[in-house]
Each structure stands twice: as C-alpha cells, then as structure tokens.
Amino acid sequence: MTQQHPHPTPSRPGQPGQMTAVMRAVAPVTGPKVLRIGLVQGGKVIEERVIKQRTHVTIGPSEKSMFVIPSKSIPPNFRLFELVGGEYFLNFLDGMTGRVAFKAGVSELSALKASAKRAAVGNVQAYQVQLSEEARGKLVVGETTFLFQFVAPPPVQPKPQLPVSVKSGIANDIDWTTTIIAAFSFLFHFGAVGSIYSDWMDPVVDDEIDVAALLESVKQLPPPPPVEQPKENVETPAATAAPVAEAPKTSGGGGKGAAASPGKGSGGMSDARASALTNELAQLDMQMLGALNSSGNATASVLSSGDVPTGLLENAAASGAGVGKGGVAGLNMGGAGGGTVRPGAAGGGGLATIGNTGSSGPATAGSAQTVKGPVGNAQVGGAAVSGGSVSNAPSVVAGMTAGFRRCYNKGLQEDPSMKGSVRITAKIGPNGEVLSATPSGGSGLSGTVISCVAARVQSAQFAPPEGGGATIVIPVTFVSQ
C-alpha cells in the first residue's frame with residue numbers, strides 16, 4: 001500500500017509560513033551568469049571584481065577604462081570582454097598570451113587565432129572568440145594577468161528599512177493636550193511682554209503741537225551773555241612800595257595793648273585818644289630797635305651789615321612821636337636830661353644821631369628810592385594778507401601792539417640792551433581762528449620774547465576770510481627807550 005503524503009498548500013499573504021523579504025533576498029537568483037575578474041601583478045592578486053551588470057569590460061592606460069593598466073601596447077580604452085547580443089566575446093591582440101578553458105577543452109590564445117574572427121575593436125583589428133558561461137581562463141597583458149570566469153549573480157541586497165516602532169513616528173508618543181496648552185501659554189506670556197514694550201498703547205503724538213511748543217520754549221530762553229573782547233592793558237612799571245612795619249602785639253600786664261575799635265553803641269574815638277595811641281605805637285617801634293640783636297644795639301647792625309631791615313628806622317624817623325632819652329633796651333640816645341626825644345630835636349642830636357657808629361658827624365637813616373627799569377616800545381608794520389581777504393585784519397593787528405610791548409618789557413628785565421625785530425606768519429582758518437603762528441627772523445631777541453609774541457598772535461580772532469582761509473605776515477620791531 002502506498003503511503004500518500006499531503007502536498008503543502010501555498011501560503012497566502014498574512015498567514016504563517018509566508019516568505020519574508022529577507023528570505024526572498026537570499027533565495028537563488030535565476031538568470032545569466034556574470035563575469036568575475038581578478039588582476040595579478042608580481043604574483044599577487046591586487047584586485048578582484050564581480051561585474052554585476054552585464055556590460056563591456058575595458059582595459060588600458062586611460063582613466064575611463066574599467067581596469068587601468070600601465071601598458072603602451074594596447075589602446076587607451078580596449079574592450080577585452082565585449083557584450084554583443086547578450087553574449088560575451090573575448091577580444092585579444094597580437095602580443096597577448098594565455099589560455100581559455102572551454103567545455104570541449106583548454107586552448108592557447110595562439111591556437112585560437114586560426115579559428116577566431118577578425119573584428120574591428122575601436123581603431124585596431126582584434127581576434128574575437130565567443131565565450132560560454134562555462135568558460136574560464138587567463139590572459140597576460142604586459143605585466144598584468146587577468147583571471148576570469150562566469151559566476152551566478154550575487155543576490156540583491158534588500159533596502160534598509162526602519163523598525164515598525166520607528167515607522168509609527170514620534171507623533172504617536174506626543175501628549176497633544178499638554179502640548180497645545182503649553183503652546184497657548186507661551187503665546188499668551190510672550191504676547192503680554194511684547195505689548196508692554198510696544199508703542200501701540202502709547203498716546204498719539206501730534207508733531208505740529210510738539211514743534212510749536214518747542215519753538216515757544218526757545219523764544220523764552222534768555223539771551224546769551226555778550227562776548228567780552230580782550231582788552232589790551234598798558235603795563236606800567238611797578239613802583240617799589242615802602243615796607244610797612246606791623247605793630248607788635250604785647251601780652252597783658254607787661255606793655256600797653258593796641259587800640260580797640262569802637263564797639264556798637266559807643267561814640268567815635270577822639271583826636272586826643274588817637275594821638276596818644278599813635279605816640280604809644282611809635283615808642284614800641286623804638287623799643288624793638290634795641291631788641292632785634294642779642295649782641296647789642298640793633299642800629300649798628302642795620303646800618304653796617306644789613307642783617308636787620310631798616311623799616312622800623314624809617315617809620316621812626318617819619319613819626320612825630322618820640323621816646324625817652326634814657327637807655328631803652330640798651331639803646332643810648334645820647335644827650336643829657338630827661339624828656340622826650342623827637343626827630344630833629346636839639347639836645348644830644350635826638351633821632352638825627354640814630355645809627356651813628358663812628359666819631360664823625362650825625363648820619364641820617366635816609367629814604368627809599370624807586371629805581372625805574374628800562375622800558376621798550378613795539379612798532380608793528382603793515383600786515384600782508386594773502387590767500388583771501390580778511391576785513392578786520394588791520395584793526396586786529398593794531399590791537400596786538402600792547403601785548404607785543406608787554407612781551408618786550410618782560411624781556412628787558414632779563415637783558416636791558418635787547419632790541420631787534422621778528423616776523424610772525426599766521427594762518428587763518430575758515431572761522432577766523434588762528435591755526436598756527438610761526439615766527440621767523442627774530443635777530444637780537446630772546447626766545448622768551450619771540451614765543452610770547454607768537455602766543456599773542458595765536459590767541460587773536462579775525463573775521464572769517466573770503467575763500468575759506470588766509471595767511472597774514474605781521475612784522476614787529478622792538479626798540480628800548
């Protein structure tokens with residue numbers, strides 16, 4: 001009895017036993033075989049390649065060839081294996097060696113030349129032999145050896161696919177309720193902040209009213225103070241002032257105090273009281289003459305060595321008061337008898353003999369003489385204007401004369417015999433300001449006087465010149481009087 005085996009029913013899609021995509025990919029592939037080629041150089045396989053797509057296989061030194069070999073005996077792009085009508089043909093040239101194994105046996109290339117077909121391959125004539133899928137062999141081209149055979153095409157690799165968990169997408173895992181609430185919250189908060197910093201809530205500004213208010217406020221501004229023009233003061237030689245002696249202050253009990261100023265509610269000082277106070281002050285001056293030198297009377301030192309100022313003697317001589325004839329702090333006034341010694345009074349010479357250190361006649365204290373230093377004069381020549389017209393150039397240059405004279409008088413204090421002339425070249429700016437003042441010449445004058453004169457020109461202000469700029473040359477001559 002023959003046992004019958006049930007035939008398996010073909011599985012339908014979606015049922016257990018269905019062939020998966022991976023299983024279909026590794027399943028044997030039917031179809032024509034493809035070439036497998038290996039390159040050998042120096043006894044080593046340097047490259048192996050499976051020509052998955054049935055196409056021409058080219059060799060040669062050109063970079064466009066499928067296999068690049070450094071050989072000059074073949075064309076740049078020679079079709080070694082040519083696909084004609086779905087069948088491969090082997091093309092070889094004279095000089096190539098090797099053997100090919102067919103289904104009937106192995107043949108050398110030299111033996112195949114007799115049965116091979118001559119065909120034009122590019123620009124050369126080659127021997128052409130048809131190959132079957134069972135053929136394999138070896139070809140030697142120069143120093144490169146080609147090994148070939150026909151193999152089944154490799155299975156097609158499936159396209160990479162994402163897992164099912166990833167294919168579902170991230171959208172399925174999002175809590176849309178919370179996301180929508182958060183989005184509206186962000187929009188509300190950022191909208192509130194933006195409205196605070198925006199100006200759409202600000203009141204409308206009327207530009208005409210604002211401009212009118214601005215013009216009205218400008219009209220109410222006080223006028224600017226007038227610009228004071230610099231005044232040129234003529235410097236007068238300073239007179240030597242006579243030294244004024246201060247009245248010494250005495251402590252209570254030992255001497256007499258200074259006169260007190262009248263207080264509130266008290267009457268004015270009488271003439272008799274004022275005269276008495278003046279007399280007391282003069283006596284104090286005379287007493288200080290004896291105390292100015294610890295070695296003796298001070299009058300000898302005043303008149304001989306000049307260690308003590310002569311101010312007190314001058315005040316005493318000019319005063320109408322006097323002191324007693326007796327010795328006051330070692331000061332012997334001379335003469336006999338008592339009473340008050342007044343300037344120029346008789347009896348022992350009075351104050352006329354103060355400072356007499358010898359046996360000669362009386363000597364007077366003398367009076368201060370004011371010695372006047374040298375005085376110079378500045379003569380300003382005509383100013384030469386070039387490069388543009390300056391309307392007030394003559395008047396401004398004439399107003400600098402007093403300043404030039406002051407500079408010269410200061411220089412005469414250092415060198416009384418100094419005199420000379422200098423030329424100042426002033427460059428005037430577009431607003432009338434002096435951009436630079438360059439002196440030239442200056443023979444006989446000191447550097448202090450020249451720099452002082454240049455500084456005076458630098459500080460001047462002219463009217464705006466026509467043409468935007470001008471140059472003024474000012475000659476100044478200094479002579480002493």
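The values are calculated or read from the model by the stated rules, or taken from the named source; none is laboratory data. For clarity, every value in this text was computed on a predicted model and none was experimentally measured. Note that each Cβ is placed from the backbone with ideal geometry, even for glycine, and that neighbours are counted across all protein chains shown. Ligands, DNA and RNA are stripped out before the accessible areas are found, and what is left, the full protein with its side chains, is counted by its heavy atoms. Shrake-Rupley method; radii C 1.70, N 1.55, O 1.52, S 1.80 Å.
Is it true that some residue in region 425-434 is of a type outside the set (F, W, Y) and either under 16 Å from N377 (Cβ atoms) or without any contact (Cβ under 8 Å) to a residue 24 or more places away in the chain (or both)? Looking for residues that are of a type outside the set (F, W, Y) and either under 16 Å from N377 (Cβ atoms) or without any contact (Cβ under 8 Å) to a residue 24 or more places away in the chain (or both), one finds none in region 425-434, hence no. Considering region 43-72 alone, what residues qualify as being open to solvent by 80 Å² or more (accessible area, probe 1.4 Å) and over 60 Å from the mean Cα position of the chain (by Cα)? Answer for region 43-72, where residues must be open to solvent by 80 Å² or more (accessible area, probe 1.4 Å) and over 60 Å from the mean Cα position of the chain (by Cα): K44, V45, I46, E48, K52, Q53, K64, V68, P70, K72. Return yes or no: is S65 assigned to a loop (DSSP other than H, G, I, E, B), in contact with a strand residue (DSSP E or B) (Cβ under 6 Å, 6 or more places away or on another chain) and small (G, A, S)? For S65, the condition - assigned to a loop (DSSP other than H, G, I, E, B), in contact with a strand residue (DSSP E or B) (Cβ under 6 Å, 6 or more places away or on another chain) and small (G, A, S) - is met. Applying the condition of being among the small types (G, A, S) and in a helix (DSSP H, G or I) to region 403-422 and asking which residue is nearest to G444 (Cα to Cα) yields G411. Among the residues of region 179-210, those that are assigned to a helix (DSSP H, G or I), open to solvent by 80 Å² or more (accessible area, probe 1.4 Å) and not acidic (D, E) comprise I180, I181, F184, F186, L187, F188, H189, F190, I196, Y197, I209. Within region 79-109, being hydroxyl-bearing (S, T, Y) and either in contact (Cβ under 8 Å) with a residue 40 or more places away in the chain or exposed (fewer than 13 other Cβ atoms within 10 Å of the Cβ) (or both) holds for Y88, T97. Inside region 431-468, residues that are touching a Pro at 6+ places or on another chain (Cβ under 7 Å) and farther than 19 Å from S395 by Cα make up a count of 2. Once region 167-178 is narrowed to residues that are in a helix (DSSP H, G or I) and either more than 59 Å from the chain's Cα centre (by Cα) or not β-branched (V, I, T) (or both), the residue that is modelled with the highest pLDDT is W176. Name the residues in region 424-456 that are among the polar types (S, T, N, Q), open to solvent by 40 Å² or more (accessible area, probe 1.4 Å) and not in a strand (DSSP E or B), would you? Within region 424-456, N431, T448, S451 qualify. Is there any pair with a first residue in region 38-64 that is under 16 Å from V151 (Cβ atoms) and a second that is part of a loop (DSSP other than H, G, I, E, B) whose Cβ atoms are under 6 Å apart and which are 6 or more apart or on different chains, and what are they? Short answer, once both residue conditions are applied: V57/M66. Within region 457-481, which residues are crowded, with 22+ Cβ neighbours inside 10 Å and part of a helix (DSSP H, G or I)? The one that is crowded, with 22+ Cβ neighbours inside 10 Å and part of a helix (DSSP H, G or I): V457. Of the strands (runs of 3 or more DSSP E) entirely within region 118-160, those holding at least 1 residues that are charged (D, E, K, R) occupy 136-141. Note on region 365-393: among residues that are β-branched (V, I, T), assigned to a loop (DSSP other than H, G, I, E, B) and open to solvent by 40 Å² or more (accessible area, probe 1.4 Å), the one that is modelled with the highest pLDDT is V375. Filter region 394-423 down to the residues that are polar (S, T, N, Q) and surrounded by 15 or more Cβ atoms within 10 Å (Cβ to Cβ) and list them by number. The answer is T401, N409, S421.
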